[in-house]
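Working notes, beginning with the structure itself.
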Amino acid sequence: MTHPTERTIAVAGAGLLGRLVAWQLLRDGHAVTLYDAGDLEHPEAAAWTAAGMVAPLCETAVSERSVFEMGRFALAQWPRWLDALDASGLWHHQGSLMVAHAQDMGELTQFRRDLAHVLDDEPPCQTLDDAEIHRLEPDLAASFRQGLYLPDEAHLDNRELLARLLAEIRRLGGSCHAHCPVDTFPGEIETRDGRRAFDLVVDCRGTGARQHHPSLRGVRGETLHVQTAEIHLSRPVRLMHPRYQLYVVPKPDQRFVIGATQIESEDRSPVSLQSSLELGSALYTLSPAFAEARILEQGVNLRPAFRDNLPHVTERDGLITANGLFRHGYLLAPAVACHLLAGIRGRGEQPFAETLTGHPPQESAA
């Protein structure tokens with residue numbers, strides 16, 4: 001297969017993966033057209049609702065070794081891309097902290113066991129006593145007596161990143177089409193106005209591409225955005241609980257994103273009262289200072305997932321599809337994007353090809 005230096009390429013879906021791929025292809029000199037069914041400035045993508053954590057250890061305990069390996073790749077790749085965007089200030093590599101109330105300490109112990117089982121060795125985390133917890137995060141409640149510190153984890157300012165990517169796509173001459181639902185075919189994009197031919201089509205539409213992926217499902221996630229000057233956190237904090245893991249991620253302007261829910265439902269209706277009460281109550285137990293926090297936003301979105309909860313890439317002549325990032329968007333997007341780009345460029349390594357190119361459950365190569 002030949003790879004001309006300049007090709008016309010359509011990217012369907014302007015979420016995180018679509019923007020990363022479009023940006024890199026424009027830097028390679030291709031003519032790129034980006035389509036999205038929603039708004040580009042305030043996208044409906046799961047990447048906008050997400051907290052922006054790059055936490056391979058936290059996710060590996062309830063996932064697979066491949067997730068950990070792709071997460072380690074992300075920890076190395078994100079700083080390179082952010083430097084290229086002149087946005088290194090969006091990257092925060094201060095690790096993450098896990099805590100539990102006295103009655104839930106077994107959850108921390110079980111987490112460490114699960115992690116060791118997946119990694120086949122002693123996990124790279126540190127057990128902390130109460131003094132060490134409060135040296136890391138002085139504003140947490142004084143009742144926490146033991147925690148786990150995961151120094152290799154990170155988070156980023158996801159909404160600012162999406163804005164920076166869009167601005168750079170436009171600066172490089174990318175053609176961007178908002179509120180423009182499409183369907184994808186080998187070498188063609190179909191819009192309301194008809195079909196348009198391209199040298200290559202890259203489909204990153206998430207749940208919007210379900211007609212091409214029978215086993216794809218949406219998994220509901222809910223987040224709470226609050227603002228307060230009464231508490232400062234330097235890193236994501238996870239509260240272990242028998243029913244859920246609540247996470248709190250600091251954002252600019254004294255904002256915090258709180259989440260926990262993973263619901264096997266494709267309901268996009270607003271956050272339920274039960275979820276709101278659970279998130280708020282758990283947040284208050286992390287620090288009573290959150291009591292005066294102002295609720296800015298309640299977010300709901302669907303994470304695209306296959307039955308194995310792993311991403312998959314399929315390629316036909318003129319069409320590449322990438323989907324199924326599940327709740328691991330910022331963790332796995334670098335590995336998936338680099339795999340796609342190496343294939344399009346005809347050079348570069350694809351270390352995760354075995355995981356990414358295995359056919360999704362109950363799907364064929366057709």
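Here, segment 253-313 is characterised by an Rg to Rh ratio of 1.05, where Rg is the alpha-carbon radius of gyration and Rh the Kirkwood radius. How about segment 303-361: which GluC sites (Glu not before Pro) there are in a DSSP loop, with at most 13 other Cβ atoms within 10 Å of their Cβ? Answer by residue number: E349. Loop-located trypsin sites (Lys or Arg not before Pro) in segment 210-307 (DSSP state not H, G, I, E or B) with no more than 12 neighbouring Cβ atoms inside 10 Å: R243, R268. Restricting attention to the chain, close to 70% of DSSP beta bridges with both partner residues there are antiparallel. Rounded if a/c is under 1.5, else prolate if a/b beats b/c, else oblate: with a ≥ b ≥ c from the C-alpha gyration tensor eigenvalues square-rooted, which is segment 63-105? Here segment 63-105 falls in the oblate category. Here the Gaussian network model covers the chain, with springs between Cα atoms less than 10 Å apart; of S287, S63, S269, S269 fluctuates the most. Using the Cβ-Cβ distance between Q211 and Q254 with R0 = 41 Å, the FRET efficiency computed as 1/(1 + (r/R0)^6) comes to roughly 0.45. Principal axis extents of the Cα atoms in segment 141-277, from largest to smallest and rounded to whole angstrom, are 62, 36, 29. Each part reduced to its alpha carbon centroid, segment 190-235 and segment 46-66 end up 16 Å apart. Rolling a 1.4 Å probe over the protein heavy atoms leaves M240 with an accessible area of roughly 10 Å².
The shape of segment 44-137 can be summarised by an equivalent ellipsoid whose semi-axes, obtained from the alpha carbon gyration tensor, come to 26, 18, 14 Å from longest to shortest.
Here the spin labels are modelled as points 7 Å beyond Cα on the Cα-Cβ line, and at R316 and A291 they lie 6.0 nm apart.
Helical content of the chain, expressed as a calculated mean residue ellipticity at 222 nm, amounts to -9500 deg cm²/dmol (DSSP H runs of 4 or more residues, -39,500 (n - 2.57) each, divided by residue number, nearest 500).
Return the inverse of the average 1/r over all pairs of distinct C-alpha atoms in segment 60-208, which is the Kirkwood hydrodynamic radius, in Å to one decimal. The Cα-based Kirkwood calculation yields 19.4 Å.
Once the Cβ-Cβ distance between R307 and R65 is put in as r, and R0 is 25 Å, what FRET efficiency do you end up with, to the nearest 0.05? Efficiency computed from Cβ-Cβ geometry: 0.85. Between Y244 and R171, the contour length at 0.36 nm per residue exceeds the alpha carbon distance by 22.0 nm.
Helix 273-286 versus the longest principal axis of the chain: what is the Cα-based angle in degrees, 0 to 90, to the nearest 10? So the helix axis and the longest Cα principal axis differ by about 50 degrees. Projecting label points 7 angstrom from Cα along Cα→Cβ for D129 and E230 puts them 3.1 nm apart. So what is the relative contact order for the chain, in percent, with contacts set as C-alpha pairs under 8 Å and at least six apart? In percent, rounded to a whole number, it is 22.
Binning the C-alpha pair distances of segment 284-366 at 5 Å intervals from 0 yields a P(r) profile of 3, 12, 19, 18, 13, 8, 6, 6, 6, 5, 2, 0 %, listed from the shortest bin outward.
Full extension of the chain segment joining A116 with E349 gains 81.0 nm, where the gain is 0.36 nm per residue of separation less the Cα-Cα distance.
Summing charges over neighbours of V271, with a neighbour being any other residue whose Cβ is under 14 Å away from its Cβ, gives -2 when K and R count +1 and D and E count -1.
Assuming R0 = 25 Å, can you tell me the calculated FRET efficiency for the pair A84 and D199, based on Cβ-Cβ distance, to the nearest 0.05? Efficiency for this residue pair is about 0.50.
Diffusion coefficient of the chain by Stokes-Einstein, Kirkwood radius over Cα pairs, 20 °C, 1.002 mPa s: 101 µm²/s.
For the chain, a crude dipole built from +1 on the beta carbon of Lys and Arg and -1 on the beta carbon of Asp and Glu, taken about the Cα centre, is about 520 debye to the nearest 20. For the chain, the longest principal axis of the alpha carbon atoms and the long axis of helix 16-27 meet at an angle near 50°.
To the nearest ten degrees, helix 158-171 and the longest principal axis of the Cα atoms of the chain are 20 degrees apart.
The values are calculated or read from the model by the stated rules, or taken from the named source; none is laboratory data. Predicted model only: the values in this text are computed from it and were never measured. Every residue, glycine among them, receives a Cβ derived from its backbone with ideal geometry; neighbour counts consider all protein chains shown. For accessibility, only protein heavy atoms count, side chains too; no ligands or nucleic acids. Shrake-Rupley method; radii C 1.70, N 1.55, O 1.52, S 1.80 Å.
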